[in-house]
């Protein structure tokens with residue numbers, strides 16, 4: 001007898017439970033007026049360096065913090081701590097993604113009302129995280145110029161579930177002969193109309209435009225929340 005129907009049912013139940021917790025998280029985030037951004041990418045895209053630069057540049061004007069998912073080590077959290085923002089590691093063990101329950105547990109002793117931005121760095125993976133809502137306001141998907149122009153075509157589900165696409169490590173674009181026309185076309189083919197940012201965390205080129213976008217979204221979200229209460 002095939003195990004597929006039972007496995008499918010188990011998966012549906014897991015995702016349903018995740019969605020219930022994600023909805024609870026989203027209500028908590030909105031009540032605290034904190035804007036939550038999740039980051040997904042494959043390993044080696046420069047996601048941690050990008051998040052460290054984001055925290056560092058935002059911190060003079062905003063209250064920021066981060067949760068970091070990884071299979072086994074605390075390396076990313078230790079690196080992000082250099083930004084002097086509150087950071088907590090979530091160790092997933094064998095799981096290749098974060099789940100809403102992990103985020104909820106990690107935030108048990110955090111006062112979200114003291115934050116403007118909360119960033120959630122997912123485990124390096126472009127497959128598993130696509131199915132799991134974490135209660136975030138914005139999901140960013142990153143891929144670097146060193147990974148090739150066809151990344152969106154290889155992993156369409158994660159790009160289609162993202163709100164923003166970021167092409168990272170653009171300081172290396174000329175070295176690897178990155179085809180911008182093909183890359184941007186591939187992103188739009190999978191996710192038409194998605195905002196795209198080209199940037200380098202190392203040189204900070206493109207970071208200002210991306211941070212302005214985040215600031216605008218924070219203001220818009222808070223304004224919408226105030227209007228809904230009137």
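Applying a threshold of 8 Å to beta carbon distances and a minimum spacing of six or more residues, or different chains, the list of pairs starting in segment 97-120 at a residue that is closer than 12 Å to residue 28 by Cα and ending at one that is at pLDDT below 95 and surrounded by fewer than 19 Cβ atoms within 10 Å (Cβ to Cβ) reads 110/86; 110/88.
Against the numbered list (1) at pLDDT 85 or above; (2) farther than 27 Å from residue 169 by Cα; (3) surrounded by 13 or more Cβ atoms within 10 Å (Cβ to Cβ), residue 15 comes up short only at (1). For segment 76-96, the set of residues classified as in a loop (DSSP other than H, G, I, E, B) and either touching a residue at least 24 places away in the same chain (Cβ under 8 Å) or crowded, with 20+ Cβ neighbours inside 10 Å (or both) consists of 84, 85, 86, 92, 95, 96, listed by residue number. Is it true that some residue in segment 151-172 is assigned to a helix (DSSP H, G or I), within 21 Å of residue 29 (Cα to Cα) and free of Cβ contacts under 8 Å to residues at least 24 places away in the same chain? No, segment 151-172 has no match at all. Conditions first: (1) free of Cβ contacts under 8 Å to residues at least 40 places away in the same chain; (2) within 17 Å of residue 40 (Cβ to Cβ); (3) in contact with a strand residue (DSSP E or B) (Cβ under 8 Å, 6 or more places away or on another chain). Residue 68 passes all but one, so which condition is the exception? Against the list (1) free of Cβ contacts under 8 Å to residues at least 40 places away in the same chain; (2) within 17 Å of residue 40 (Cβ to Cβ); (3) in contact with a strand residue (DSSP E or B) (Cβ under 8 Å, 6 or more places away or on another chain), residue 68 comes up short only on (1). Among the residues making up segment 190-216, those that are closer than 15 Å to residue 37 by Cα and out of contact with any strand residue (DSSP E or B) (no Cβ under 8 Å at 6 or more places or on another chain) are 211, 212, 215, 216.
The values are calculated or read from the model by the stated rules, or taken from the named source; none is laboratory data. Keep in mind that this is a model prediction, so the values were computed, not measured. Positions of Cβ are backbone-derived with ideal geometry, glycine not excepted, and every protein chain shown enters the neighbour counts.
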